[in-house]
Amino acid sequence: MIADVKKSAEQKMQKSVEALKNDLGKVRTGRAHAGLIDHVMVDYYGTPTAINQVAGVNLIDARTIGVSPYEKKMVQAIEKAIRDADLGLNPSSQGDLIRVPMPSLTEERRRDLTKVVRAEAESARVAVRNIRRDAIAHLKDLLKSKSISEDEDHRAQDDIQKLTDKHVSEIDKLLTVKEAELMAV
């Protein structure tokens, strides 16, 4: 019983950390990475389709993403989708290759992005703490139904607190790395 509660809490906390990693990956720094435009949807013959299903996405250099459509007819649609995705990117096509240069960030924009990243990290911390609260409530229910003893309850709560501390420190490390990445010129 207690092991199930701990395992469930740990899995949920890990998912919260993974979600934060995903969200931080979408915050644009001065460097290009292919994952930046993965969520862009392209109108593929009337159906919204992820860009990586209608084109090959790769890095040309540190500041340029290259998009190679699988069909030549899709060049304009992909270019329009990237421009309309509100990422501040301005793609240009050269034959059947679309180049997406990454504009450099201003100091003010870097500070704004740092605030966004901090808010994302705080919401991840809150999610982890909510998982802790739910797990402890579940343990209290087990204690009330006399399925576990008070000693087992205290030990399990300590273990869940340790899990929480571990995941919160992991979130803090991710935040520190992303902030440093954002403020690097």
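Inspect all residues belonging to segment 135-150 and state whether any of them is assigned by TED's automatic domain parsing to the domain that holds Lys178, of a type in the set (Asp, Glu) and under 18 Å from Asp165 (Cα atoms).
no
So, in segment 1-60, of the ones that are of a type in the set (Asp, Glu) and over 22 Å from Ile171 (Cα atoms), which residue ends up farthest from the chain's Cα centre (by Cα)?
Once the filter is applied, the top-ranked residue is Asp4.
Can we say Leu20 is in contact with a Lys or Arg (Cβ under 6 Å, 6 or more places away or on another chain) and surrounded by 15 or more Cβ atoms within 10 Å (Cβ to Cβ)?
So Leu20 fails the test.
Out of segment 82-109, which residues are over 22 Å from the mean Cα position of the chain (by Cα), acidic (Asp, Glu) and assigned to a loop (DSSP other than H, G, I, E, B)?
Asp96
What residue, of Gly56, Gly25, is surrounded by fewer than 18 Cβ atoms within 10 Å (Cβ to Cβ) and either hydrophobic (A, V, I, L, M, F, W, C) or at pLDDT below 90 (or both)?
Going through Gly56, Gly25 in turn, just one is surrounded by fewer than 18 Cβ atoms within 10 Å (Cβ to Cβ) and either hydrophobic (A, V, I, L, M, F, W, C) or at pLDDT below 90 (or both): Gly25.
Counting only residues that are within 22 Å of Glu108 (Cβ to Cβ) and not in a helix (DSSP H, G or I), which one in segment 145-185 is nearest to the chain's Cα centre (by Cα)?
Ala184
State all residues of segment 65-90 that are small (Gly, Ala, Ser), within 24 Å of Asn22 (Cβ to Cβ) and free of Cβ contacts under 8 Å to residues at least 60 places away in the same chain; if no residue qualifies, say none.
Gly66, Ala81, Ala85
Can you find a residue in segment 29-52 that is at pLDDT 85 or above and in a helix (DSSP H, G or I)?
Looking through segment 29-52, at least one residue is at pLDDT 85 or above and in a helix (DSSP H, G or I).
What residue, among those in segment 59-81 that are among the small types (Gly, Ala, Ser) and outside any strand (DSSP E or B), is modelled with the lowest pLDDT?
It comes out as Ala62.
Any residue in segment 111-128 that is in the same structural domain as Glu18 (by TED's automatic domain parsing) and under 11 Å from Leu24 (Cβ atoms) sitting within a Cβ distance under 8 Å of a residue that is of a type in the set (Ser, Thr, Tyr) and at pLDDT 90 or above? List the pairs, counting only those 6 or more apart or interchain.
Taking only residues 6 or more apart or on different chains, the pairs are Ala124/Ser16.
I need the full set of residues from segment 9-64 which are hydroxyl-bearing (Ser, Thr, Tyr) and touching a residue at least 40 places away in the same chain (Cβ under 8 Å), in order please.
The answer is Ser16, Thr29.
The values are calculated or read from the model by the stated rules, or taken from the named source; none is laboratory data. Computed from a predicted structure; not experimentally measured. When we count neighbours, we look across all protein chains shown, and the Cβ atoms used for this are built from the backbone with ideal geometry, even at glycine.
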